[in-house]
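Beneath this line is the structure, given in structure tokens, with notes to follow.
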Amino acid sequence: MADTIKIEDRSVGTVTIDNVDYGRYMGELQIDLCPLPADPRVNVVAQVCKPDLALLPYAADPAYQFEFCE
């Protein structure tokens, strides 16, 4: 279950997971492509590192595939 853990403004490249307050969208992972305001229904869990921000347009393009790795 995704409980509320961290609320803050979200810049480009912020990785978030919707929490229980977002209802049916709970657990959805997102990478923000534009700045967004803080939302208590959204937990900030990571940030894309600055050198990789230029790759974000490819992540939003269905012609490309990507995966998360450590």
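The values are calculated or read from the model by the stated rules, or taken from the named source; none is laboratory data. Just so it is clear, the model here is predicted, and its values are computed rather than measured. Heads up, the Cβs are rebuilt from the backbone with ideal geometry, glycines too, and the neighbour counts pull from every protein chain shown. The accessibility values were calculated without ligands, DNA or RNA, using every heavy atom of the protein model including side chains. Shrake-Rupley method; radii C 1.70, N 1.55, O 1.52, S 1.80 Å.
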For Ile31, solvent-accessible area (1.4 Å; no DNA, RNA or ligand), Å²: 40
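On average, how much accessible surface per residue is there in the chain, in Å², for a 1.4 Å probe, leaving out ligands, DNA and RNA?
Values: 5170 Å² over 70 residues.
For the chain, the solvent-accessible area averages 74 Å² per residue.
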Inter-label distance, nm, simple model (7 Å from Cα along the C-beta direction), Ala46/Arg24: 2.8
FRET E, pair Asp9, Ala63, Förster distance 35 Å, beta-carbon r, rounded to 0.05: 0.70
Listed peptides 54-62, 20-28, 38-46 by packing density, highest first (mean Cβ within 10 Å): 38-46, 20-28, 54-62
(1) 1.13; (2) 1.56; (3) 1.21, with the label sought being that of the calculated Cα Rg over 2.2 N^0.38 Å: (1)
Theoretical ellipticity at 222 nm over the chain - DSSP helices of four or more residues, -39500 (n - 2.57) apiece, nearest 500: -1000 deg cm²/dmol
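Quantify, in whole percent, the carbon and sulfur part of the accessible surface of the chain (1.4 Å probe; protein heavy atoms only).
Values: 2990 of 5170 Å².
Result for the chain: 58 percent of the exposed heavy-atom area is carbon or sulfur.
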